[in-house]
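The values are calculated or read from the model by the stated rules, or taken from the named source; none is laboratory data. What you are looking at is a predicted structure, and each value in this text was computed from that prediction instead of being measured. In this analysis, Cβ positions are derived from the backbone assuming ideal geometry, glycine residues included, and neighbour counts consider all displayed protein chains.
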Amino acid sequence: MHQATESERILAALREPACYPHAAGPVELIETHISWVFLAGEYAYKVKKPLNLGFLDFSTLEKRRFSCEEELRLNRRTAPDLYLDVVPIAESADGPRVGGAGKVTEYALKMRRFPQEALADGVARRGELRAPEADAIAAAIAAFHAAIPAAPEESGFGAPEHVTAPALENFRQIEQLVADPAETAPLRAWTQSESSRLREVFAARKRGGFVRECHGDLHLGNIVFLGGRPLLFDCIEFNPELRWIDVMNEVAFLAMDLREHGLDAAAWRFLNAYLEATGDYAGVRVLRYYLVYRAVVRAKIACIRARQPGAGAGAQGRARREYGEYLAVAETSAASARPAIVLMHGLSGSGKTTIAQAILERVGAIRVRSDVERKRLHGLAARARTHAQPYGGIYGPESTRLTYGRLKQAARDIAGSGHCAIVDAAFLRRAERDEFQALARELGVPFLIASCRASEAALRRRVARRDAEMSDASEAGVTVLENQLATQEPLGADELARAAPIDSEWDEARLQEAIGGIAARLERTEAAGA
């Protein structure tokens, strides 16, 4: 009772501009389920609530101080200009004061204030999170993940039991808060089953260095656009187990949040941009597990907010609606397995990559590109220029064989985990196409060829422009195109039965109709070989 009274006294003081050592103007308060944030002039001060929720413990002043210091350290990795200092709240003759010299009664994390409308969740709700924003977020997260350390092999972080324990604990906590605990029983059973099935995959991810000191709470509300670029902030500081996680766990959180906002196309664009940057297609095997896990986490947080003392009827109603929405996202993710293999087929300049992008956003698919993976095999950035002669250097026969082998493994990982794999390569040789059709038959998944075409004049014009602008991973110029025209092996009669022709010179309405037709065919196509 004393703690609650002390907190109320400090909170009342922090609402007053005189509490701060700078011009504060009217002070605004933002409350989360674990913190109070005071917006005072040019700065924001974050104070931890004196809580012990099991997964976090802010119950003592010392624990809150330590968590503030950890939050400062960790968030400076991604937003050093936002995170400034940990400051004491101390007693004075006039009551609690930020930065005072008396007895310290609380600590606050001092941040530089930013406009709330710059938060990515607000950008999304206004319909302003488009392709450039999704791509920029993916690039920022991929760069962050590349820079952070992997968990030591001897640590428990990322071990199978450390992955599954919090996922199952979420259900226990939810069941203590909701009127009908049975409503989460199917998701709990699915999570238990998948936890067992993926146990060795989790262990392999740890051995492969994919468990790293991540952000841990990477949803749209923790990304802000400043100066035209996204900054990741407000990472998890209070529980290392929730921070030292598989990078795909983190990626799944943002993809799930985009879907909850009704931005399915942006979610698939973001996911593909991240995977193209990192090459972590094997991580797709755990994607659905983490999509469900993250949606259940958000449902749990909505339950906690709905039960917090002092929450008004409006806030409780919103929290209950959010709980239902996140639970629905979890259920959809658990039931969303729709594996398939789609080959993009066509000459250089025929629009394969552009059309593949439209398909993946429409149907919810994961694409792997030969131009990108070929360069990754040689340690090169996607848009690096090699100036290799046609069919020489990294475009020689052995490099091409290795590239198609890499594409095949990625397609196996993607389709084998219940997703639609789009393989973006020329596939001008029958033997290459047959190899992927055999893979689809082995996996028992639908197989389709999206056969792209354009007039020869358009092909020559496009590859010449792309070569001059160096605007894409492909380095195929006019010389390569001429060779392709002379040596391509057209689709056979049996392949045409599985092909969807698309002319990239069609108008937008006809292109969208063709892409919709591909989506419909994937829904009804029988598994290859069935």
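Assorted remarks:
- Exactly one residue among 28, 8, 42 is within 19 Å of residue 103 (Cβ to Cβ) and either in contact with a strand residue (DSSP E or B) (Cβ under 8 Å, 6 or more places away or on another chain) or surrounded by fewer than 17 Cβ atoms within 10 Å (Cβ to Cβ) (or both), and that residue is 8.
- Scan of the range 415-431 for residues that are in contact with a strand residue (DSSP E or B) (Cβ under 9 Å, 6 or more places away or on another chain) and assigned to a helix (DSSP H, G or I), ordered by number: 415
Results for (1) under 24 Å from residue 382 (Cβ atoms); (2) modelled with pLDDT of 95 or more, shown as yes or no for each residue.
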site: 465; (1), (2): yes, no
site: 468; (1), (2): yes, no
site: 471; (1), (2): yes, no
site: 478; (1), (2): yes, no
site: 495; (1), (2): no, yes
site: 501; (1), (2): no, yes
site: 505; (1), (2): no, yes
site: 521; (1), (2): no, no
site: 527; (1), (2): no, no
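- Residue in the range 435-455 that is crowded, with 22+ Cβ neighbours inside 10 Å, part of a helix (DSSP H, G or I) and touching a Cys at 6+ places or on another chain (Cβ under 8 Å) present: no
- Taken as a whole, the condition of being surrounded by fewer than 18 Cβ atoms within 10 Å (Cβ to Cβ) and more than 18 Å from residue 422 (Cα to Cα) does not apply to residue 512.
- Among the residues of the range 223-251, the ones that are touching a strand residue (DSSP E or B) at 6+ places or on another chain (Cβ under 7 Å), farther than 24 Å from residue 289 by Cα and hydrophobic (A, V, I, L, M, F, W, C) come to 3 in all.
- When every residue of the range 296-315 is checked against the conditions, none turns out to be within 15 Å of the chain's Cα centre (by Cα) and closer than 21 Å to residue 210 by Cβ.
- Single residue of the range 171-194 satisfying the filter (among the hydroxyl-bearing types (Ser, Thr, Tyr) and surrounded by 19 or more Cβ atoms within 10 Å (Cβ to Cβ)) that is modelled with the lowest pLDDT: 184
- Single unsatisfied condition, residue 306 versus (1) surrounded by fewer than 19 Cβ atoms within 10 Å (Cβ to Cβ); (2) at pLDDT below 95: (1)
- Annotation note: of 365, 384, 315, the sole residue that is modelled with pLDDT of 95 or more and of a type in the set (Gly, Ala, Ser) is 365.
- Any chance residue 100 is free of Cβ contacts under 8 Å to residues at least 40 places away in the same chain, surrounded by 15 or more Cβ atoms within 10 Å (Cβ to Cβ) and assigned to a loop (DSSP other than H, G, I, E, B): yes
- Residue within the range 221-239 that is touching a residue at least 12 places away in the same chain (Cβ under 8 Å) and within 20 Å of residue 333 (Cα to Cα) present: no
- The strands (runs of 3 or more DSSP E) found wholly in the range 1-87 include none carrying at least 1 residues that are assigned by TED's automatic domain parsing to the domain that holds residue 235, of a type outside the set (A, V, I, L, M) and in contact (Cβ under 8 Å) with a residue 40 or more places away in the chain.
Per-residue answers, yes or no, for (1) of a type in the set (A, V, I, L, M, F, W, C); (2) outside any helix (DSSP H, G or I); (3) surrounded by fewer than 22 Cβ atoms within 10 Å (Cβ to Cβ); (4) in contact (Cβ under 8 Å) with a residue 60 or more places away in the chain:
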position: 288; (1), (2), (3), (4): no, no, yes, yes
position: 293; (1), (2), (3), (4): no, no, no, yes
position: 314; (1), (2), (3), (4): no, no, yes, no
position: 319; (1), (2), (3), (4): yes, no, yes, no
position: 344; (1), (2), (3), (4): yes, yes, no, yes
position: 358; (1), (2), (3), (4): yes, no, yes, yes
position: 362; (1), (2), (3), (4): no, no, yes, yes
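- Helices (runs of 4 or more DSSP H) enclosed by the range 146-262 - at least 2 residues per element that are of a type outside the set (A, V, I, L, M, F, W, C) and closer than 26 Å to residue 63 by Cα: 160-175, 240-243
- Residues satisfying the stated conditions in the range 103-143, i.e. surrounded by 13 or more Cβ atoms within 10 Å (Cβ to Cβ) and in a loop (DSSP other than H, G, I, E, B): 113, 114, 129, 130
- Residue among 358, 340 that alone is within 30 Å of residue 498 (Cα to Cα), over 20 Å from the mean Cα position of the chain (by Cα) and among the aliphatic types (A, V, I, L, M): 340
- Subset of the range 143-193 (residues that are charged (D, E, K, R) and either free of Cβ contacts under 8 Å to residues at least 40 places away in the same chain or on the phi > 0 side of the Ramachandran plot (or both)): 154, 161, 172, 175, 180, 188
- Annotation: residue 514 fulfils all but one of (1) in contact with a Pro (Cβ under 9 Å, 6 or more places away or on another chain); (2) farther than 20 Å from residue 369 by Cβ; (3) at pLDDT below 95; the unmet one is (3).
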